[in-house]
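The values are calculated or read from the model by the stated rules, or taken from the named source; none is laboratory data. Only a predicted model underlies this, so the values are computations on that prediction, with no experimental measurement involved. Counting neighbours? That spans all protein chains shown, and the Cβs are built from the backbone with ideal geometry, glycine included. Surface areas here come from the heavy atoms of the whole protein model, side chains and all, with no ligands, DNA or RNA. Shrake-Rupley method; radii C 1.70, N 1.55, O 1.52, S 1.80 Å.
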Amino acid sequence: MKFMAATDSNLRYLIDTYLDWTKRQKVPIVEGIAVDLTAIETAPWARLGGGCTAAFVQLRGRGDFIGLHVIEIPPGGKTDWLHHLYDEVIYVLSGHGSTLIEAGGDRKHSFEWGPHALFSPPLNVPYRLFNVSGLEPARLVSANDMPFLLNVFRNENFLFDNPFRFSERLGRKGYYEGEGDFLPIKPGQHMWETNFVPDLAALSLPEWEARGAGSRNIKLILSDSSMHAHTSEMPVGCYKRGHRHAAGAHVFAVTGSGYTLMWYEGDAEFERHEWRHGFVFAPPDGMFHQHFNTGPRPARYLAASLGSHRYPVLAQKVKHKRAPDADVRDGGMQIDYKDQDPRIHQIWRQEMAAAGLASQMGKYFAEDRAPTGAVS
Ligand SMILES: [Fe+2]
């Protein structure tokens, strides 16, 4: 038997092809727990062309599947034609632009976007992004499953130079014009199918009280992909129930402002992160997290991960999606208000007082109810 001598050059182990690839792109790589996507530096990324810049964001709770690419298009600029064998959910952080989609044959689609727009080019379909302003840059963030796919195939040309077309993923014409189909399941599982949401802040959201006081939520099926996205809203003076799940859910603040507490079971202290539009964070695997709206307007956020309600991909996602609001007492992942650490509501009341707002949690907490005879 012949053994090879181990040298630095032939010791090939613990290779993360995606992370190695990001380092070769010569753009900033930002690591963090919570990141302000509007503030990070970008640098020219040759793959985009047109003087466009980018940065990659690697969050602590990113999990195994999802990467974030921040893309900035200069005033009046445009990307080259792009297509790739990974799915992505693109959220517009700032600026105004348009997307041109080459769907095959003489089928083309074009739609215009601004802040809070969300869209998803169908898998491997050529598209091009334009900044329609001559003055302002346009900044977008792509949440995508490239890390998973590049770690499996380990060849970027396979992902970026692959001619295969998934014609079954295109969707109907109206999906590129802001139309969609409401697919009713039940609260917490209702779906909106489309390829383009012109304004996430204006999307109609059905109630999901079981997730939190006055909570609203809809799951998004974008370009029939297996990328999950959902949008949730907390009314003024309200917060959601705490819950936990696997890593990978990237949470982007859309409207309003507030904070999120995170903790592992048994932790003595909470970890706290403030947020407003532009911020993203990803709760790590199994870490409880709870969102609080401390602003004077409803707060919405967008969450993106791998495994949609239509195509969950992962067995653990199937379990979670069947009963997303199941209580921890019943083997679920959500903590009811009455069972939460009492400090959570104390912190909340202090925050409301500091903000000069009244807590609207009286349905669940007696101390938040107006005294008899008082006008609330
Ligand atoms: Fe969550």
Roll a 1.4 Å probe over the protein heavy atoms and report the accessible area of Tyr311 in Å², nearest 10. 90
In vacuo Debye scattering of region 5-95, one point per C-alpha: log10 I(q)/I(0) at q = 0.12, 0.13, 0.21, 0.23 Å⁻¹? -0.45, -0.52, -1.18, -1.36
Give a quick list of chymotrypsin sites (Phe, Trp or Tyr not before Pro) in region 210-290 that DSSP marks as loop, anything other than H, G, I, E or B, with at most 13 other Cβ atoms within 10 Å. Tyr264
Taking max minus min of the Cα coordinates of region 289-346 on each principal axis, largest first, gives extents in Å of 39, 30, 12
What whole-number distance in Å separates the alpha-carbon centres of region 43-109 and region 129-184? 8
Considering only Gln316, Gln58, Gln334, give the residue with the highest GNM mean-square fluctuation for the chain, with springs between Cα atoms whenever their separation is below 10 Å. Gln316
What nm distance separates the two modelled labels at Phe164 and Asp64, each placed 7 Å from Cα along Cα→Cβ? 2.1
Calculate the length of the line joining the C-alpha centroid of region 190-262 to that of region 308-339, in whole Å. 15
Any aspartates and glutamates with Cα under 15 Å of the Lys173 Cα? List them, leaving off those in the same chain fewer than 8 positions away. Glu102, Asp106, Glu112, Asp181, Glu193, Asp224
If the cut-off is 23 Å between C-alpha atoms, which lysines fall inside it for Lys78, apart from same-chain ones fewer than 8 positions away? Lys26, Lys108
Where the Cα atoms of region 143-195 are projected onto their three principal axes, how long is each span, largest first, in whole Å? 40, 26, 17
Within the accessible area of the chain (1.4 Å probe), percent carbon and sulfur: 53
Å² of accessible area per residue within the chain, as computed with a 1.4 Å probe and no ligands counted: 45
Consider a paramagnetic label point 7 Å from the Cα of Phe182 along Cα→Cβ; state which residues of region 219-248 have an amide N under 13 Å from it. 219
Take the Cα radius of gyration of the chain and divide it by 2.2 N^0.38 Å, with N its residue count; two decimals is plenty. 1.04
At 0.36 nm per residue, and after removing the present C-alpha to C-alpha distance, how many nm does the segment from Asn155 to Ala315 gain when stretched out fully? 54.9 nm
Aspartates and glutamates near Lys240 by alpha-carbon distance under 12 Å, same-chain residues fewer than 8 away left out - which ones? Glu209, Asp325, Asp336
For region 67-222, count all C-alpha to C-alpha pairs, find those more than 22 Å apart, and express that count as a whole percent of the total. 46
How about region 1-67: which chymotrypsin sites (Phe, Trp or Tyr not before Pro) there lie in a loop by DSSP and see at most 13 other Cβ atoms within 10 Å? Phe3, Tyr13
